[in-house]
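Each value in this text was obtained by applying a stated rule to the coordinates, not by laboratory testing. Remember, it's a predicted structure, so these values are computed and weren't measured experimentally. Cβ sites come from the backbone with ideal geometry, for glycine too, and all protein chains shown count toward neighbours.
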Amino acid sequence: MLKTQETVLEIDLKALKHNFEHLKSKLQNNTKFLAVVKAFGYGSDSCEIGNYLEALGVDYFAVAYTQEGIALRKAGITKPILVLHPQAVNLKALITHSLEPSLYNAKILKEFIKIATAEKQNDYPVHIKFNTGLNRLGFEYNDIDYIVSEIEKTDTLKVTSIFSHIAASEDLDEKEFTLHQIANFNTISKKIIEKLDYKPMLHMCNTSGILNYPDAHFDMVRSGIGLYGFGNSEKENKNLTPIATLKTVISQIHNIEKGESVGYNRAFKSNSFLKTATLPIGHADGIGRQYGNGKGFVTIHGKQAPIVGNVCMDMIMVNITNIDCKEGDEVIIFDQNNTTAEHLAETTNTISYELITSISQRVKRILLK
Ligand SMILES: *Cc1c(COP(=O)(O)O)cnc(C)c1O
């Protein structure tokens, strides 16, 4: 790998291919694969990831918001794109860019029919979302008659899929609850299919659902975090490779005498001599203040250097007292095997999802092909 001279996020497409193939190997041959590329592809680069996965044969994409889908269309993605959480104000743009909405309540269903009718659409593909226990978005079982009657009044839309989302697919202590969600989903989809005169696709599993509930794969699965290299358990992590490496360089080294302080608000005061390195990465780049004051660390020449004092907007200072290094040397924030984003996230009791999606757009992305 190249030695960096600034803060960069390297994205390893070979690792992405490996993760995709591993997850696909868990599916039946005819189960479709939807790649979740919301939030800039979990903080990587949704357009590059999307194009690469499209070439590998992914069947579907999903994003959270309409603007994210438009960015994928502008990057040349042609596969269907499900917008998981569209707002009424964006529905016209969604249609213009051939994006497919998740319709999760009466309000968004009515709005969509109104706008699709005005746009003279016919059989426009939509996805009906049901709440089976997460209590976040989705219609209820009792809404089925209403949904079907609204849909039958118009030719504007066609239900491409019926789907739901598992609340605790990674947590096997909640297996009973999850099986109950799956049973609920079966009941709901059976009833709605009886009432429509065609059979939409069914889908329910995210990454941990794919790995833990093979009987709930239905017609398609939706994977996000697994593609980026995390399996939400030590066992599953072994089969996946994080795609991203966040690295930076040492800008300056300081000798700190006993009694001196480091950083804003003098949050760190030394009680002995130490050496610090100042790095060009801060909370505006995605390393939150919770990583400061000894919680988080970076790796320099294979050795851990804890963050000293408060995280600044554009910089952190780390303790290099026992590390042989100099200005210009490379620093690893997280990588693909020794210190992954999940390891670093654990130092502040958060999860890989939060850390990787926080890496701000200011950080240069470098693709390794
Ligand atoms: C984000 C999201 C996913 C992907 O979940 P992972 O745990 O990252 O695989 C799947 N489905 C829905 C509805 C989501 O919001």
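For every residue, the table says whether it meets (1) within 17 Å of the chain's Cα centre (by Cα); (2) under 27 Å from THR7 (Cβ atoms); (3) more than 15 Å from the ligand (Cβ to nearest atom).
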position	(1), (2), (3)
GLY209	yes, no, no
TYR213	no, no, no
GLY224	yes, yes, no
LYS238	no, no, yes
ILE243	yes, yes, no
THR248	no, yes, yes
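Check whether at least one residue in the range 314-325 is touching a helix residue (DSSP H, G or I) at 6+ places or on another chain (Cβ under 7 Å) and within 25 Å of GLU260 (Cα to Cα), and report yes or no.
Yes, the range 314-325 contains at least one residue that is touching a helix residue (DSSP H, G or I) at 6+ places or on another chain (Cβ under 7 Å) and within 25 Å of GLU260 (Cα to Cα).
Suppose we keep only residues that are of a type in the set (A, V, I, L, M) and in a loop (DSSP other than H, G, I, E, B) within the range 93-137. Which one would you say is farthest from the ligand (Cβ to nearest atom)?
Here the residue is LEU99.
Within the range 141-167, take every residue that is within 16 Å of the ligand (Cβ to nearest atom) and of a type in the set (A, V, I, L, M) and give me the one that is surrounded by the fewest Cβ atoms within 10 Å (Cβ to Cβ).
Taking the candidates together, the pick is ALA167.
What do you reckon, is ILE253 more than 13 Å from the ligand (Cβ to nearest atom), surrounded by fewer than 23 Cβ atoms within 10 Å (Cβ to Cβ) and farther than 30 Å from GLN5 by Cα?
no
Confirm whether MET220 is within 31 Å of the chain's Cα centre (by Cα) and either within 16 Å of the ligand (Cβ to nearest atom) or hydroxyl-bearing (Ser, Thr, Tyr) (or both).
For MET220, the condition - within 31 Å of the chain's Cα centre (by Cα) and either within 16 Å of the ligand (Cβ to nearest atom) or hydroxyl-bearing (Ser, Thr, Tyr) (or both) - is met.
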